[in-house]
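Okay, structure first, notes after.
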Amino acid sequence: MQVFVHETTGARKLIGGGESHAVAVPTRDMPDLELALLHQALDRLAAVSERCSGCHRTPLIGERVYVYEGGVLACELCRSVEPHPPLLTRVVHGPEFGHTLRIIDQRAAA
């Protein structure tokens with residue numbers, strides 16, 4: 001079986017075994033504008049997200065984080081490195097936090 005590649009389209013054609021099959025393989029270069037927009041979006045996302053001061057990873061949703069003096073944020077893994085007790089402890093919430101509805105059954109109160 002042999003593989004032939006078209007020079008301009010990049011399409012591949014398998015020949016051999018009595019049949020030939022054409023396989024389209026997209027060869028697309030990312031334009032400069034698209035690449036610049038992607039980098040800009042990733043930079044904005046990185047600027048907004050919280051990161052641990054020790055290991056520089058983003059804490060997971062539901063993970064407990066510890067805030068120390070000077071706004072230093074430590075994850076559960078790195079808090080043992082900090083010599084002082086934390087000023088604040090909180091749980092990391094997801095993007096849906098505060099946008100959901102809680103149904104309260106008020107029949108028992110009446």
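Read-outs throughout are calculated quantities, based only on the coordinates presented, and are distinct from any laboratory measurement. Only a predicted model underlies this, so the values are computations on that prediction, with no experimental measurement involved. Every residue, glycine among them, receives a Cβ derived from its backbone with ideal geometry; neighbour counts consider all protein chains shown.
Quick look at the values:
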read-out: Kirkwood-based Rg to Rh ratio, segment 51-110, C-alpha trace; value: 1.22
read-out: Separation of the Leu87 and Ile61 label points, Cα + 7 Å toward Cβ, nm; value: 2.9
